There are 2 protein chains.
Amino acid sequence: MKAIKEEIRIERAPVSKITEVDFNNLAFGSVYSDHMLVCDYKDGAWETPIITPYQPITLDPASKIFHYGQSIFEGMKAYKDSNGQIWLFRPLDNHKRFNISAKRLAIPEIPESHFIDGLTTLLRLEKDWVPTTAGSSLYIRPFMFASGKGFHASPADAYKFMVCFAPSGPYFSGKVKVLIEETYSRSANGGTGYAKAGGNYAGQFYPTQLAIAKGYNQVIWTDDNTHEFIEEAGAMNIFVRINDTLITAPVSDRILDGITRKSILTLAQDQGITTEIRKISVTEVVEAAQNGSLKEMFGAGTAAVISPITTFGFQGVDYDLPELQHSYATSLKKQITDIQYNRSEDKFGWRFKV
Amino acid sequence: MKAIKEEIRIERAPVSKITEVDFNNLAFGSVYSDHMLVCDYKDGAWETPIITPYQPITLDPASKIFHYGQSIFEGMKAYKDSNGQIWLFRPLDNHKRFNISAKRLAIPEIPESHFIDGLTTLLRLEKDWVPTTAGSSLYIRPFMFASGKGFHASPADAYKFMVCFAPSGPYFSGKVKVLIEETYSRSANGGTGYAKAGGNYAGQFYPTQLAIAKGYNQVIWTDDNTHEFIEEAGAMNIFVRINDTLITAPVSDRILDGITRKSILTLAQDQGITTEIRKISVTEVVEAAQNGSLKEMFGAGTAAVISPITTFGFQGVDYDLPELQHSYATSLKKQITDIQYNRSEDKFGWRFKV
Ligand SMILES: Cc1ncc(COP(=O)(O)O)c(C=O)c1O
Ligand SMILES: Cc1ncc(COP(=O)(O)O)c(C=O)c1O
């Protein structure tokens, strides 16, 4: 990795807000740490990032972010071990995916140095903000958007890359009931579904609200053409266990290439669990639920970690998943969090010391 | 229409920027008038809009607009007639569509009064900003976005509705060469394509840049499943004239219900031109180009008005359209702009006096 030429300048907040935060009752992503990283793209180049007190952003009303949704983001977490050392999990993969998203959204790619040095410098400054309460962690939000202006529907000439931190509790509180979607869609073939583009998420809110009104927590998206194949959830990839085989859909231009997903596949394969990466039809899942071979369904993502699904709804019928003594979800969640929190050997080189 | 309860408060700019603007050399959407309209949604209700000097917006970095693309917009124009009277064109339809977009993006709908009174009050204040140079007009940009904050992927609890004005020249300068897209897509079945959602536009930039690099100005989108059917362009609906029949694709959940499109259909039908609203296959258009029955192709939208297409590219071959003495495009463009600028009878009640 090429280091940033100049040192990242730090402008410190005069007082910390940390004493106002109840670390035992953290919601997800709703309180923010004392500082943030900001890096501007102007005249064809990225400037040196700077760290400032967490503060409002000022933008021209014609900035393209307000009009054309030119924005991308990442979602990461920082973990503190029992010695107070802070770790990241596969952060270079987040950087790589960030630039994949950037390219699809016609946003300039950002060098690895700006991304990694930027957020690790910020992390070292904010180390006290990494929660140690069980189930909590520091959620890291790198994002990038069009600050350049104009009402012409074309890429902006200026961008802002920022990183903010939010000490967070679990993404889902309680059981996760999902609805398999039959009308709305998340992404098109040849679209932006594989990118973490802002607009992909806004488009999910309305159908998700309809599902919530029916008593579900989350939608499971299906392909937009036939609604016959299970793709992924709002911010999670989906795994299905039929008998003892763990199945997940292949990533595509419609499905995000989740880092949790691929880590789970590696862990499962490593311990001899049969895995299949293939299209999963709704019919197959319903039949498996009916004949008892459907053992588990769970979502996998940085925010939600591994979230077991207790019920799925389809065409007005709810299918309950069994409660297992020894579930893959529980075992895999323990393995992955043990690696993240430096409680176990890091066989695959996923931990990243800050 | 229910009027707004309180008067719209106007905070005047101390000096006007109007003398700095060269009204004879206007680009599209790149200079802005002296004032803007702002209206906040908080605690479940829209406040009374206010008019302030055009100025930067200040937002928390966790505002959902930066993360989840929760934003919509409209595109309208104001036209000044030879008596200096200002007119809008079917503005109630823009308001209706704005709320259709809002609903799909889980943004609270805005009352007609806020939208129409807001922008007409602003227009009366900014009347000197409406250009009178031929081919120029005042572009009106109502937009609405999530100002409420949080990293949880769910709708925001606060929104901003704003209107800005940009005196503008033509959207396209010169000939319009289009490329029929075979790989990328604009929208999914069950997606947000029928809404003017920010994210729909950002997703078009990269494929459009690839087309521009090949010498085209614009992409014509096809359905995401087969790429066999012509849908629409970046900010225009598409018309094809085969022999003397004018054909356009039906609107759907993937295609924006353009106000120019439906006005053209009405005008054409009114003068006895045979029109067809049906799926148009790429094969049909290519064959018509080859056998000489393809007479015209043009884009239709508020920004681009009616823009004749001179060439379309498909699978590496360019097909030139003939130059006609009496084209539908020229005649329909004259008719629609004559109505807009109050130069002809308003048979269909489309003009709206400001
Ligand atoms: C749409 C979508 N799918 C899946 C995931 C899971 O990806 P990861 O495991 O890299 O967090 C996310 C994000 O976190 C997502 O936004
Ligand atoms: C995607 C798209 N299609 C078509 C149009 C044309 O619609 P209208 O004629 O209402 O401007 C627009 C916008 O102006 C658009 O953004």
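The values are calculated or read from the model by the stated rules, or taken from the named source; none is laboratory data. This is a predicted model, so every value here is computed, not measured. A quick note on method: Cβ atoms are made from the backbone with ideal geometry, for glycine too, and the neighbour counts reach across all protein chains shown. With ligands, DNA and RNA removed, areas are computed over all heavy atoms of the protein, side chains included. Shrake-Rupley method; radii C 1.70, N 1.55, O 1.52, S 1.80 Å.
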Is one or more of the residues making up region B:307-316 away from ligand 1 (no atom under 16 Å from the Cβ), surrounded by fewer than 16 Cβ atoms within 10 Å (Cβ to Cβ) and either in a strand (DSSP E or B) or in the same structural domain as B:Ile212 (by TED's automatic domain parsing) (or both)?
-> yes
Residue pairs qualifying under the 6 Å Cβ cut-off, at least six apart or on distinct chains, with the first in region A:283-311 being charged (D, E, K, R) and the second being away from ligand 2 (no atom under 16 Å from the Cβ), are A:Lys295/A:Arg241; A:Glu296/A:Arg241; A:Glu296/A:Ser327; A:Glu296/A:Tyr328; A:Glu296/A:Ala329
Residue in region A:132-157 that is most open to solvent (accessible area, probe 1.4 Å), counting only those that are of a type in the set (Gly, Ala, Ser) and under 30 Å from A:Leu26 (Cα atoms) | A:Ala134
List every residue pair whose Cβ atoms lie under 8 Å apart, where the two residues are 6 or more positions apart in sequence or sit on different chains, the first residue falls within region A:231-257 and is within 16 Å of A:Arg278 (Cβ to Cβ), and the second residue, located anywhere, is within 16 Å of ligand 2 (Cβ to nearest atom).
-> A:Arg254/A:Ala188; A:Arg254/A:Gly191
Restrict the check to region A:57-79 and report whether at least one residue is within 20 Å of A:Pro167 (Cβ to Cβ) and open to solvent by 30 Å² or more (accessible area, probe 1.4 Å).
-> no
Only one residue in B:Tyr216, B:Tyr194, B:Tyr184, B:Tyr206 is among the aromatic types (Phe, Trp, Tyr), in a loop (DSSP other than H, G, I, E, B) and at the interface with chain A (Cβ under 9 Å from one of its Cβ atoms). Which one?
-> B:Tyr184
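Among what's in region B:170-216 and is hydroxyl-bearing (Ser, Thr, Tyr) and at pLDDT below 95, pick the residue that is farthest from B:Asn94 (Cα to Cα). Full working, then the answer.
Residues of region B:170-216 hydroxyl-bearing (Ser, Thr, Tyr): B:171, B:173, B:183-185, B:187, B:192, B:194, B:201, B:206, B:208, B:216.
Remaining after also requiring at pLDDT below 95: B:171, B:173.
Numbers: B:Tyr171: 19, B:Ser173: 26 Å.
Among those residues, the one meeting the criterion is B:Ser173.
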Index of the failed condition, B:Gln325 passing every other in (1) at pLDDT below 95; (2) surrounded by 14 or more Cβ atoms within 10 Å (Cβ to Cβ); (3) among the polar types (S, T, N, Q) = (2)
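Here is a check on your reading of the model: is A:Leu123 open to solvent by less than 10 Å² (accessible area, probe 1.4 Å), modelled with pLDDT of 95 or more, assigned to a helix (DSSP H, G or I) and among the aliphatic types (A, V, I, L, M)? Before the answer, list the steps.
Numbers: open to solvent by less than 10 Å² (accessible area, probe 1.4 Å): yes; modelled with pLDDT of 95 or more: yes; assigned to a helix (DSSP H, G or I): yes; among the aliphatic types (A, V, I, L, M): yes.
For A:Leu123, the condition - open to solvent by less than 10 Å² (accessible area, probe 1.4 Å), modelled with pLDDT of 95 or more, assigned to a helix (DSSP H, G or I) and among the aliphatic types (A, V, I, L, M) - is met.
What do you reckon, is B:Gln218 open to solvent by 10 Å² or more (accessible area, probe 1.4 Å) and within 16 Å of ligand 2 (Cβ to nearest atom)? Working first, answer last.
On the way: open to solvent by 10 Å² or more (accessible area, probe 1.4 Å): yes; within 16 Å of ligand 2 (Cβ to nearest atom): yes.
Yes: the conditions hold for B:Gln218.
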Is one or more of the residues making up region B:168-183 more than 17 Å from B:Ala235 (Cα to Cα) and open to solvent by less than 10 Å² (accessible area, probe 1.4 Å)?
-> no
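Looking at B:Ser168, is it within 9 Å of chain A (Cβ to nearest Cβ), touching a strand residue (DSSP E or B) at 6+ places or on another chain (Cβ under 9 Å) and touching a residue at least 24 places away in the same chain (Cβ under 8 Å)?
On the way: within 9 Å of chain A (Cβ to nearest Cβ): yes; touching a strand residue (DSSP E or B) at 6+ places or on another chain (Cβ under 9 Å): yes; touching a residue at least 24 places away in the same chain (Cβ under 8 Å): yes.
Yes; evaluated as a whole, the condition is true for this residue.
Results for (1) within 14 Å of chain A (Cβ to nearest Cβ); (2) more than 13 Å from ligand 2 (Cβ to nearest atom), shown as yes or no for each residue.
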residue	(1), (2)
B:Val240	no, yes
B:Asn243	no, yes
B:Ile247	no, yes
B:Val251	no, no
B:Arg254	yes, no
B:Leu265	no, no
B:Ile280	no, yes
Could you count how many residues in region A:22-74 are in contact with a helix residue (DSSP H, G or I) (Cβ under 6 Å, 6 or more places away or on another chain), part of a loop (DSSP other than H, G, I, E, B) and at the interface with chain B (Cβ under 9 Å from one of its Cβ atoms)?
-> 2
